Structures are given as structure tokens and as C-alpha cells.
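Visitor: Here you go, one structure.
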Amino acid sequence: MTSIRKVLGRCWTLLFSAGVLSFVVAYQAIAQDGVQTFQGIQIERAAQPGTFISLLPPTSAITAYTLIWPPTPPSPGQALTVTSATAPWQLGWTVAGSATIELVESVNGNLRRIESLNNGNLAGVPGAYSNDFQGDRQNASQTSSGDYALIGGGSRNTASGDYSLVLGGFTNTASGDYAVVGGGRNNTSSGVGSAILGGESNSNAGGNAVIGGGRNNTITATGSRGFIGGGEDNTVSGLDAVVLGGDGNTASGPFAVIGGGVSNVASDTAAFVGGGQSNSASGVRSAIIGGQSNVASGLQSYVGGGQGNTSSGVNSTVAGGLSNTSAGQGSAIGGGQSNSATGNFSFIGGGASNQATTGSHSVVAGGESNVVTGSHSFVGGGQNNSIAGNFSSIPGGRRMTLTAGANGTFGFNGLDADITISDPGAFVIANADLWLANNNNTTRSIRWYTAQSTTGAFPAGNTRFVSFVAPNSTFGNNNNTYTLPDRVGASQQVLRLSTASATAGTMEWVDGVTTVRTATVDVTADNQAVSAAQMDNITLLRLSSNGAAATRTVTLANGVTSGHRLVIRCVAGVGNGIEIEEAANVELNGAVTLEDRDTIMLVWDAANTLWIEVSRSNN
């Protein structure tokens, strides 16, 4: 190679400034046209002949290109750069150090912001094929040290997992392989494939789990594929569990979900809390929609809302209210306060302090302090009603008790007076009037049906009834009230009004026209009294005397109703008889001595309290 000095016969001068190589050429020859070709250039200082700087061509095949030299001289600190986008390539002078990105290690292909442009002039060393473009770090470890990792910007971030990403923010860490932190502050995504989009002081250790944002939210290592949308102090530790937001919520069961609220817990498989405060869904597939301090601990149990409610039975429900408990299998409470449904498949609609306990399939629709312990029984409402029998009903009222023996009984008590029914199959209306009302111009009846032995349709073809029906109107447009007799009448007596007014009548039993009732009384002593019980509704009284050649005397009790006719016949042996004397309640037509087969007829005058003689016969 021939030196440039010998070829040109002139001297080149080489200057160094700020570490950038520049050329200043002094050439005394006259400028010439044309292009010179060199295979190399050697440059030496006059003071150091033989000491060269050599410029040599590439050792590999050359692709032809053209560089155009800048038309103006440089300023101190400038360097040559290509300023054109197409060939021929124009060179220009630019300020040294204006580039912001540098290749750290060509063998690993990792890029970073140049050290001089980092706050504190502290640069980290990215991993293989990793890039770190953030502008500030406290130590060299705050970089994209994982292979194929990226830090897009921000400050003091670390992407130490392979293929991890921190887009920006402050003191964020993506330490899990394939982990991502979008931004925010002090977030750590350590699970494989985990992600934190933003927020502050969030931690995600679950594989393929995601935290959207918020503050102090945590997905633990057991919370793979879990999700926290945002909020504060929320925790997901169950597989595939979700907390959308809120404060202090914990989804620890697999596939558990919490929508939001404060301090809610979903701790079993597929448990759900929609929101509210301090609710706990601890049963498998249990659910609480909202409210406060509610518990759904039974398998597939449900609480809609309210406060202090507990649904602990399998498939049990509390829709709302306060301090209600549904503990029976398939039991349900609609609402109210302090109600308890512990019987299987029992139901309480609402009210307060109602209970459907040991019996199954029982119902309390509402009211207060009603209790059903029998199976398939019903209380509609009211207060302090109780059913221990099966298949029984109380629609309402108060203080009605149907005992364990009162199966299939219906009862209603209208007043605040305790009443207890123990008979089965009864229909009881207590302390209330029964109305058969109508408003369609048709009077209604009470029917008593004849016996029917077949089941199914009723009445059958041969079943008949006896009924009472009210008239279409009453005389004088008055209400009519009838009072029944105080006793059962005698055979062949008839019912009649003993007293009556325009609106009320009192009924009594009296003899009919052909009615005869007989009784026999043995007279064994003088002045023997014939009692009212012995004379009750008697029309023929036989007095038997056992006197030996003597006559017995008798006294008579009062009659019952005016018009009561009494025939007295003597039954006696020879020389015996019965003597009846006048008394305060007996008025005779002279002294009466009856011997065998003799008779006397008396009639009772209730107004004067007297038996009055009608006739006598000496037979």
C-alpha cells in the first residue's frame, strides 16, 4: 500500500475533539475533477513519522453506496451522522450524545437508555434480548434482567421474569415469567403469566391471574387464574376466584365471586357475595346478594339481603329482613325479624318471632310469635298461635293452640283469650261470629251432607244434603236472632219460641199434640218428694206405693214450661194408696187420695208457679 503522503505529495492533518474523529485537510495542489479510488489510507503525524492510523475497507463483500460529505465545518462536540433517508446518503454534523438508546451487548441484543440520560447516571444491564427504557433507578438490579423482558418507562421498575413486562410507573416489579405490570406504584406481579394493570401496592402471585388496579389488593399463589378488578385490601386465594372491587373482601373458595362491598367473604366452592358488608358465603355454591352480617353456610343456600340473617340448611333461603334463620333443608324465609325456619321444607313469609320448627313442609305466612311444629300445617298470621298437629290450619287471629292430637283441624280465635283444641278433624271458630254473606243477590246455605264412601269427586250422585238458608228478606227489615234451648229435648217434643220480640226469640222444647212420656216413681215413705229430674218433660207419672195398709203422701217439683200437662196414676196393692196435698206449688180441688188405677191431671202455670188440677178419675 502506498501512503497518501507519497501518492499526493502533500500532508494531511488529523485533529481529535471530544473523542470524535474529524478531518481537516490542507492540500496545496489545484483542485481537480474526477474520483480517486483507494484500497486504504494511512495517516501519520509529522512529529511521528512511521506511526500510522489506517483506514481499511471491509473484509466481507461490499454493497456499493455513496456518502456525501457535509458542506460546512463542524462545531465542537459534533459528530458525523446520516441525515437523509435515501441514497446518496447525506452526512451532517450533529451534537454528540443526542442519541438516547444504546446497544448494551451486541451478542445479547439488549437495549437501554444511555447512562448519561438516566437520573443519577446509573444504568442497569438488561437480560438477553431485553430492553430497559426507564429513566431512573436506585440500583443496577432495577432493570429488565429477565430474558426477553421489557421495561417501557417509568422509574425504579424491575422486570426480572423471562418474557416479563413493565410498561411504566414507579417501583413496580414483574418477577414471574410472562408477568405484566402496566403501571402504577409499588406493584408486584410474581405469578407465571400474572398481570397487574395499575394501582398501588398490589401483589399478584397467582398463575395467569389478573389485578386491574386499586390498592393493597392481593392474589396469593393458590389463586391461579384469579381476578381482582380494583378496590382496596381485597384478597383472592381460591382457584379461579374473583373480587370485582370493594374494600377488604376475600374470595378464598375455588370459583368464588365477590362483586364488591366491605369485608365480605366467599370461602367455599363457587360461593358468591354480590356486595354489602361483613357477609359470609361459606357453603358450596352458596350466595349472598347484599346486606350486612349475613351468613349463607348451607350447601346451595341463599341470602338476598337484610342484616344478621343466616341460611344454614341445604338449599335454604332467606330473602331479607333482620336476624332470621333458615336452617331446615329446603326451608325459606321471605323477610321479617327474628323468624326461624328449622323444619325441612318449611316456609315463613315474614312477620316477627315466628317459628316453623320440627315438622316438615309447614308454613307460617306472617304475624308475630306464631309456632308450627306439626308437619304440613299452616298459620296464616295473627299472634301467639300454635299448631303441633299435622295437616292443620290457623288462618289468623290470636292465642289459638291446636295440640299434637288435633290433626287435620282448622281453628280461628277472634279474641285475646287463650283457647286449646285437641280433637282431630274439627272446624273451630272461637270468640267470633260466623257470617254467610253475599253481595250477588243470592242467599247462601249451610249444608250437612249424607254419608259418602267413595273418594274423588264430591258429592257423588246419591249423596244428598240437609241445609238451612236465609230468606231473601226479613219481616220489617229486621235482623232475626234465635237462641237455642239449654238442653236436649225429650222424645217426640217439638221446638218452639218460649219468648220473642221483633228481632229475637228464645227456643224451647215442648210436647207435641200427641206426645206421651212416661216415668214410674216408687213411693216408699210419707212426704216423699218427686224430684224435678223424675218429672222432667214427663206427661204420665206412675206412682207406685208399697205402703202396707197405709197411704203414702208425696210432694211435687215445679214444672218446666207453661202448659206442661201431667197425668198422675196410682199403682198400689189393696188398701194402699197415694195422697197428694195442696202446697205452695200445688192447687187442688180438694184433698186427693189415689188408689190403684185412680188418676189426676194437672197443668203447670209458670207465671204463678203452680200445678193446677184439671180433672180426676176414681177408677
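The values are calculated or read from the model by the stated rules, or taken from the named source; none is laboratory data. Just so we're clear, the structure is a prediction, and the values are computed from it rather than from any experiment. Ideal geometry is used to build each Cβ from the backbone, glycine not excepted, and the neighbour counts take in all protein chains shown. Note: accessible area is taken over every heavy atom of the protein model, side chains too, but ligands, DNA and RNA are not part of it. Shrake-Rupley method; radii C 1.70, N 1.55, O 1.52, S 1.80 Å.
Visitor: If I compute solvent accessible area with a 1.4 Å probe over the protein chains, what percent of it on region 576-619 is carbon and sulfur?
Guide: 41
Visitor: What order do Ile600, Ile612 take when sorted by accessible area (1.4 Å probe), most exposed first?
Guide: Descending order: Ile612, Ile600.
Visitor: Students often check this: by mean Cβ neighbours within 10 Å, which of 230-239, 357-366 ranks highest, and how do the rest follow?
Guide: By packing density, highest mean first, the sequence is 230-239, 357-366.
Visitor: Related question: How much of Tyr302 can a 1.4 Å solvent probe reach, expressed as accessible area in Å² and rounded to 10?
Guide: Answer for Tyr302: close to 80 Å² accessible.
Visitor: Right, another one. When Cα Rg over 2.2 N^0.38 Å is calculated directly from the model, which label among [x] 2.30; [y] 1.42; [z] 1.56 fits?
Guide: [x]
Visitor: Which distance in nm do the two modelled labels at Asn608 and Asp136 give, with both placed 7 Å along the Cα-to-Cβ direction?
Guide: 13.0
Visitor: Accessible area per residue, 1.4 Å probe, Å², for the chain: what's the number?
Guide: 53
Visitor: Starting from the residue with the highest accessible area, list Met535, Met507 in decreasing order, probe 1.4 Å.
Guide: Met507, Met535
Visitor: Now a separate question. Would you pull out the residues with amide H under 5 Å of Ser201's amide H, same chain only if 5 or more places away, H placed 1.01 Å from N?
Guide: Arg185, Asn186, Asn187, Asn216
Visitor: Using the per-residue mean of other Cβ atoms lying within 10 Å as a proxy for protection, in what order, highest first, do the peptides 432-440, 338-346, 378-386 fall?
Guide: Result, highest mean Cβ count within 10 Å first: 338-346, 378-386, 432-440.
Visitor: Taking the Cα centre as origin and putting +1 on Lys and Arg beta-carbons and -1 on Asp and Glu beta-carbons, what dipole magnitude results for the chain, to the nearest 20 debye?
Guide: Computed charge dipole of the chain: roughly 2280 debye.
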